[in-house]
1. Given springs between every Cα pair under 10 Å in a Gaussian network model of the chain, which of ASP107, ASP76, ASP33 has the largest fluctuation?
2. Please report, to one decimal in angstroms, the Kirkwood hydrodynamic radius of the chain built from all distinct Cα-Cα pairs.
3. Determine the gain in length on full extension of the stretch GLU172-GLU91; use 0.36 nm per residue of separation and subtract their C-alpha separation, reporting nm with one decimal.
4. Counting only C-alpha contacts under 8 Å and six or more residues apart, can you give the relative contact order of the range 1-94 as a whole percent?
5. Using the alpha-carbon centroid of each, what span in Å lies between the range 100-173 and the range 13-75?
6. Given charges of +1 on the Cβ of Lys and Arg and -1 on the Cβ of Asp and Glu, with all other atoms neutral, how large is the dipole of the chain about its Cα centre, in debye to the nearest 20?
7. Pick out which of LEU11, LEU152, LEU106 has the largest mean-square fluctuation in a Gaussian network model of the chain, springs linking Cα atoms closer than 10 Å.
8. Would you please name the chymotrypsin sites (Phe, Trp or Tyr not before Pro) within the range 1-68 that are DSSP coil residues with at most 11 other C-beta atoms within 10 Å of their C-beta?
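What follows draws every value from the coordinates through simple rules; no lab data is involved. All figures in this text were calculated on a predicted structure; none of them were measured in a lab. Glycine also receives a Cβ, built like all others from the backbone with ideal geometry; neighbour counts cover every protein chain displayed.
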Amino acid sequence: MTLEPGSPAELRWRKWDGSPHWVHPVIVLGEDDTGVWFGQQQGTVSRRPGADFHAYRPNVKVLMPGAQWMPAFFPDRDGARIGLYVDIAAELRLEPFGASAIDMDLDVIVRAPRPAPYIDDVDEFSHHRRAMNYPNAVAARALTDARRVRELAARREGVFDGRAEAWLALMER
């Protein structure tokens, strides 16, 4: 890993056409056999053109080598369980400043009141696929990844096996 634990970083997202999307200020937490973990403190402001999002609770994200999706884990609003938001991406990579990626619109979400993982923004993906001319192979891979992530999350396998809780505990100190 080229990023030092405890150092500030950014997760920079853009759209397929190159237009800017979300920028998430984060802290480098460390690395394990899963990948590089980033944390975001409660109250941190993420920005994209035309919108801000204030993190209502601490959260952690992990960049896994070779994966074209980035999960974010957070205490759900009631604090009773862990919520999940997975961005399906293209060109996701570690950078000297943190990480960068292309947002492919599809997201896999687990959040109350829906206990089962579901794929969100399929309509946005379909619209942008035509409007931004996603290559067929890239679009097919994004759809396949979204389905695979939904199944892994439903079975609590891989990165979804609860290991994020230890990283979240670092953020809640």
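1. Greatest mean-square fluctuation among the candidates belongs to ASP33.
2. Working: mean 1/r = 0.0614 Å⁻¹.
Kirkwood radius, the chain: 16.3 Å.
3. On the way: separation 81, 0.36 × 81 = 29.16 nm, distance 3.07 nm.
So the extension gain works out to 26.1 nm.
4. Values: 191 pairs, mean separation 16.3, N = 94.
Answer for the range 1-94 is 17 percent.
5. Spelled out, the Cα-based centre of one part sits 13 Å from the other.
6. Numbers: 22 positive and 25 negative charges, 58 e Å.
In debye, rounded to 20, the chain gives about 280.
7. Largest GNM mean-square fluctuation: LEU152.
8. Values: sites: TRP13, TRP16, TRP22, TRP37, PHE38, PHE53, TYR56; in loops: TRP16, TYR56.
Qualifying residues, ordered by number: TYR56.
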